[in-house]
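Notes for the one structure printed next.
Each value in this text was obtained by applying a stated rule to the coordinates, not by laboratory testing. This is a predicted model, so every value here is computed, not measured. Glycine gets a Cβ as well: all are built from the backbone with ideal geometry, and neighbour counts include every protein chain shown.
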Protein chains: 4
Amino acid sequence: MGSTALGGGAPARVGLAPKVGSSSVRVRASVASSPQKQHSPNTSGVKSGEEVRIAVLGASGYTGAEIVRLLANHPQFRIKVMTADRKAGEQFGSVFPHLITQDLPNLVAVKDADFSNVDAVFCCLPHGTTQEIIKGLPQELKIVDLSADFRLRDIDEYAEWYGHSHRAPELQQEAVYGLTEVLRDEIRNARLVANPGCYPTSVQLPLVPLIKAKLIKVSNIIIDAKSGVSGAGRGAKEANLYTEIAEGIHAYGIKGHRHVPEIEQGLSEAAESKVTISFTPNLICMKRGMQSTMFVEMAPGVTANDLYQHLKSTYEGEEFVKLLNGSSIPHTRHVVGSNYCFMNVFEDRIPGRAIIISVIDNLVKGASGLL
Amino acid sequence: MGSTALGGGAPARVGLAPKVGSSSVRVRASVASSPQKQHSPNTSGVKSGEEVRIAVLGASGYTGAEIVRLLANHPQFRIKVMTADRKAGEQFGSVFPHLITQDLPNLVAVKDADFSNVDAVFCCLPHGTTQEIIKGLPQELKIVDLSADFRLRDIDEYAEWYGHSHRAPELQQEAVYGLTEVLRDEIRNARLVANPGCYPTSVQLPLVPLIKAKLIKVSNIIIDAKSGVSGAGRGAKEANLYTEIAEGIHAYGIKGHRHVPEIEQGLSEAAESKVTISFTPNLICMKRGMQSTMFVEMAPGVTANDLYQHLKSTYEGEEFVKLLNGSSIPHTRHVVGSNYCFMNVFEDRIPGRAIIISVIDNLVKGASGLL
Amino acid sequence: MGSTALGGGAPARVGLAPKVGSSSVRVRASVASSPQKQHSPNTSGVKSGEEVRIAVLGASGYTGAEIVRLLANHPQFRIKVMTADRKAGEQFGSVFPHLITQDLPNLVAVKDADFSNVDAVFCCLPHGTTQEIIKGLPQELKIVDLSADFRLRDIDEYAEWYGHSHRAPELQQEAVYGLTEVLRDEIRNARLVANPGCYPTSVQLPLVPLIKAKLIKVSNIIIDAKSGVSGAGRGAKEANLYTEIAEGIHAYGIKGHRHVPEIEQGLSEAAESKVTISFTPNLICMKRGMQSTMFVEMAPGVTANDLYQHLKSTYEGEEFVKLLNGSSIPHTRHVVGSNYCFMNVFEDRIPGRAIIISVIDNLVKGASGLL
Amino acid sequence: MGSTALGGGAPARVGLAPKVGSSSVRVRASVASSPQKQHSPNTSGVKSGEEVRIAVLGASGYTGAEIVRLLANHPQFRIKVMTADRKAGEQFGSVFPHLITQDLPNLVAVKDADFSNVDAVFCCLPHGTTQEIIKGLPQELKIVDLSADFRLRDIDEYAEWYGHSHRAPELQQEAVYGLTEVLRDEIRNARLVANPGCYPTSVQLPLVPLIKAKLIKVSNIIIDAKSGVSGAGRGAKEANLYTEIAEGIHAYGIKGHRHVPEIEQGLSEAAESKVTISFTPNLICMKRGMQSTMFVEMAPGVTANDLYQHLKSTYEGEEFVKLLNGSSIPHTRHVVGSNYCFMNVFEDRIPGRAIIISVIDNLVKGASGLL
């Protein structure tokens, strides 16, 4: 993970996103998956005893709860402020009883939040709202935004997919896309990190290196992805009731899921040309977890094993991206609760094609896990 | 099943509830359970070729959908009117796509429903509303109400548990409680049938005969019941999201579930004295199904086998109540989709006590299945 | 559905498979989906009052249980013999308690089965075994085989995929592939019907007509399919335990699922040239249901709407294949418990490509539902 | 948690059970629940830098996997030996892929295990076998046994419930029952700790203090308990297949679950008289989690609030037992993945009675979590 403290004069308070990840995630041993080491030697950027003071905006949603789960037991972080407008005044433990034993501040409305004792902010608010709120935050704060608001570099594209013009275009310019394994250096110096979406994370981690190395063609990338229901958030919708979801699968947003422009942005940059993908997301009856199955055509003479070897060497030093051995197939169950992305490459029956499968926890590696 | 057509001059149009049940349910072979015979000889009250014309009020909820599922393929029924105020104008198949292949009328608002070609009404509306609507229906219609509005004979008790005074007390007087196996004769001549709740059905079927026969004491009846989530209806509530429900169990309404007065009413009548029960319902991660576990103290000298034999002979001629053999344990899976109640009696380790377990599908035997 | 009784002198006893389907399935109103009409006018091949006497071999598995569920309430069928070697002597209701209320013969070993009062046999045995058993059955019996044993016309291909040479090659010659909507006439006159596999059914129903009409290219057909766990049968395997399966998804058999040669056989016949597909099946945490997502390249000038219209008109008269309207997306929940295949066609983001989604119940339309 | 290092001369190697618990569990932030503090001040018995070397016997089962999950990231433990007879030679990550990123020894057969570099053993073997194996272990090892073999103090009772006479009665004498909150001092000095069963843990934590304080009668304690499927282990049984378990509930072992004598032993000791309970366990469609609902009669004059206050003060200083506030109801989801027991007390409708609900994760607090 190289030097995860992202440089600068006051490392403990700088480059938060990666640091948060490297430490907080490493101490976590989830139900389903545990990281290899508890204490990373790489967190040395944080001076012993220093404590990063955190505000979590929009803490009553699922990504907010994950941020809290990851930080609340971390020795180097302290959550000072938590906001949730509709639940202002409530205890966090009444909103998420599984975290009732944590010692946390009560929820307040964003407008009442006191940032004077805060070093960094995790923003888990809905898109649109996010732009306004972040615009109003004190300049000295480091910000990790988990919404979609600063992910698309092209604000016209933002307007097209989100139905309104961008309200903070100057911040959009400043924001760094937080795909750590790909953009670690840029993230290190960023003030505002736009955390990638879940589908984009699961797709870009395998495809970006392969496209950069010109091992696969970009003309017919077909992706069939499956997500757990938490990806839809905690809003009360009939379609997401247990009775409507259990024991079934269905595709959705076939022609225009909002993660499509984000994925195409990443792949196009890697290809240095416009890439258009086929992307079919499915909702399945599980709380967490995401599987992306990518059907790709290889460049002439390239084999599935070449793809495998390239990904293997690309992610050799990365804790949280793991190429499985042999013909092992990634299961979502293997990574749920963890910050890992497991992936593998398979020969297709059709000559010249390969199948790549990646799995993540949509709420951790796909949202709050950062690295 | 005795004469299920409930008498009167125009039998085909009379005594709907049991008839509906006896025929419609018998033709159904669900995923999970199938009735013994397809054509009941007992539906002879319906003259061959006669067709009962049905209106379903509140057809966009889960119990409405079950009524439709049961009647739409039945040779003696035709659904003429379906209402759903918030979905007026829509096709039923767009609200419940699993029934899209049925030939059904479009949804209309209740106020626009035309009852001139209707013989009988199934009312699947929320409590409170139901009273007003039923008061306004033409007198000649037979009505089966699936709400809680006419179940409690004591309107003061209704007011206490439902928080407002009863708006149709005269109808309350007229209504017959539709627990078919117990009150078949009364139902036969009723114009307005108050269909029992799901928990009350699963509890009264075993306990009423035992109490009447004075085989169990009424002083310490303890019930631990478990329900699938469809019992909570199709309303969009955060608490019933897949993400909140899957893979877990929790009790609710411990001190005052609204089915308690209904159960106590039935048991008290059987006992001819006021019965107070201990009732703890639980919500579990399944769409359908209900298990009630009843812990009872037997009368002096009575054995668990006595309870079993009494229930066995009580329900000998009943198609839809089945005492399991030997030590077979009822599973909710065995009855889901069907109109059956499976039950069995077990000795307790504590001398003098017995454990009775009954299972039903909360949406069929516990709601729309009738008979 | 035209004349589903498959011709011959004694129609009631002939051409069982489609007839079974047309009637038995129509009377079924499942939890999830109900057919349009209860009594098909098309079963006229069966003389009123005539009864087809059935033996079910291998009745203790999931497909056997579905056969029983579908036939036990059907007025024209009577189950006379049920075999299950390891459970010989047991009551069927103790093996499948949800069918305990049916009046059925006890289970016997295959070797003890008496076929003298039987007209037709449903064979639900494992592959390999099936060939031996069917070879030994009386010649006058109609047979529907639900195993994979007679699906592959090329016995060398059988040997390659199943690891042993075919033990009844002469029967393989005689067998008719039972994809009713495609081969109804052949099935009508068959003595031995090889019922298609679940994946092949869900894939061939949409793709065969499109390939025949040359609307899609056959060079790059990519299929991502998802199945419920019942497809793996009732064998006790660690990998299929609830604890291993719940709340997750994983691909399996990526390079060589045994349904691949069956699918390629059907598509190759339609194309009149060898077709090689990309096929990735996934196991998901649901009991029943199957979704196949097919990513296809269209012939030059063809649009997604052309595909839709062709499928629409192809299946116009078919009860059990339903093209959904507009942009409605098929959900597995909509067909579980029923014999329906719902499908729809979607434009892809990549010009010239389309996405086709079909859903079935793997145990009904994909196995025991026939017709 | 008082002093969790359990005394003796070499504290780091002594009193393993509580120490393991206090530290390892505290660092874990599970998907569902996180402990309050990461570093317990109470682990001071472990000298800094000292490392406890662990062997896990029977590591291929679910409790074994949990032990590994909890210890593998703990700074004070190192897993040196892992056994699994049927998977000897395999990598642990191939048996439990969610732990593939851990640095662990390969699996060996018990007979090949080298205990020379081991300080303590966690034994996760089946009952019966366990006795033989533990008898053969070097005397200097600390042992925590997670089987049922040493829980029943009366070896005749063991023989009665387990069907064979005890094979290590002298060890039975020595074993200390590992219900930490109740027997912390005894555990501190033990060489062999018999870890309590899951049901007994969930029942004794609330009932033992109430019985000791004579706040409840012991004559009619009725318990309805519900468990996730992992409690049944990883053995391949038809009854535990996903298809058999999903979407349902059923009782089992009504008259004689093997946890009954263990519970009665604990309650009888607290009461100083023989207690006989009514105990009905249920299996529900979830991987993990356990809820015990206890229906009790209070001593004359005692109120539900008295029970609450007594439990509240009893567990005031305990990290892992939490009395919920007000009328908050414990959900299994709130504790899954954690070492917590959440509980609450409710008034019953029947005067003089109370209802107590406790929830744990059957694999953590109910098995591998210890302390």
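A compact table of results
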quantity: Largest-first ellipsoid semi-axes for segment D:300-347, taking √(5λ) over the Cα gyration tensor eigenvalues, angstrom; calculated: 21, 13, 7
quantity: Mean separation of Cα contacts under 8 Å, 6 or more apart, over the residue count of segment D:87-183: relative contact order %; calculated: 20
quantity: Tilt relative to chain B, helix B:304-314 - C-alpha long axis, 0 to 90 degrees, to 10; calculated: 30
quantity: Residue-averaged beta-carbon neighbours from other chains (10 angstrom radius) around B:99-106; calculated: 5
quantity: Compactness relative to 2.2 N^0.38 Å, alpha carbon Rg of segment B:35-193; calculated: 1.07
quantity: Minimum Cβ-to-axis distance in chain D for the rotation onto chain B, with residue, whole Å; calculated: D:Asp224, 2
quantity: Amide hydrogen neighbours beyond the local backbone of D:His331, cut-off 5 Å, H modeled; calculated: none
quantity: Pairwise FRET efficiency - A:Glu186 versus A:Lys274, Cβ, R0 = 25 Å, nearest 0.05; calculated: 0.65
quantity: Cβ crowding within 10 Å averaged over residues, with D:238-244, C:332-338, A:185-191 ranked highest first; calculated: C:332-338, D:238-244, A:185-191
quantity: Taking chain C and dividing mean pair separation by its residue count, relative contact order in percent (alpha carbons under 8 Å, at least six apart); calculated: 17
quantity: 7 Å along Cα→Cβ, label-point gaps from B:Asn325 to other copies, nm, shortest first; calculated: 5.1, 5.2, 5.6
quantity: Cross-link pairs beyond the 31 Å C-alpha cut-off, checked among B:Lys274/D:Lys212; A:Lys312/D:Lys365; B:Lys322/C:Lys87; calculated: B:Lys274/D:Lys212; A:Lys312/D:Lys365
quantity: Other copies of B:Asp85: label-to-label distances in nm, shortest first, labels 7 Å along the beta-carbon direction; calculated: 2.9, 6.3, 6.8
quantity: Calculated SAXS-style log₁₀ I(q)/I(0) at q = 0.07, 0.14 Å⁻¹ - chain C, Debye, Cα scatterers; calculated: -0.29, -1.23
quantity: Local net charge near B:Ala232, Cβ-Cβ under 14 Å (Lys/Arg +1, Asp/Glu -1); calculated: +2
quantity: Distance between segment B:97-175 and segment C:187-260 - C-alpha centres, whole angstrom; calculated: 46
quantity: C-alpha long axis of helix B:198-212 to longest principal axis of chain B, angle in °; calculated: 50
quantity: For segment D:211-281: span of alpha carbons on each principal axis (Å, largest first); calculated: 45, 21, 19
quantity: Average beta-carbon neighbours from other chains, 10 Å sphere, peptide B:274-281; calculated: 3
quantity: Long-range amide H partners of A:His127 with built H, under 5 Å; calculated: A:Ala148
quantity: Estimated FRET transfer efficiency (D:Glu316, A:Glu140; beta-carbon r; R0 30 Å; 0.05); calculated: 0.10
quantity: Equivalent ellipsoid, segment A:199-368 (semi-axes from 5 times Cα gyration tensor eigenvalues, Å); calculated: 27, 18, 14
quantity: Simple spin-label estimate for B:Glu51 and B:His164 in nanometres, 7 Å along Cα-Cβ; calculated: 3.8
quantity: 222 nm mean residue ellipticity, helices alone, for the protein assembly as shown (DSSP H n ≥ 4; -39,500 (n - 2.57); rounded to 500); calculated: -7000 deg cm²/dmol
quantity: Counting DSSP beta bridges with both ends in segment A:199-368, the antiparallel % (nearest 5); calculated: 75
quantity: Partner chain coverage, peptide D:250-257 - average Cβ within 10 angstrom; calculated: 5
quantity: Projected label distance in nm at A:Asn325 and B:Tyr252, using a 7 Å step from Cα toward the beta-carbon; calculated: 4.7
quantity: Shortest-first distances to equivalent copies, position A:Gly352, nm, label 7 Å out along Cβ; calculated: 1.2, 8.5, 8.6
quantity: Alpha-carbon Debye profile of the protein assembly as shown, log10 I(q)/I(0) at 0.04, 0.08, 0.09 Å⁻¹; calculated: -0.25, -1.08, -1.38
quantity: Burial order of peptide ranges C:298-308, C:203-213 (average beta-carbon count within 10 Å, highest first); calculated: C:203-213, C:298-308
quantity: As computed over segment D:172-247, the Cα convex hull volume per residue (Å³); calculated: 156
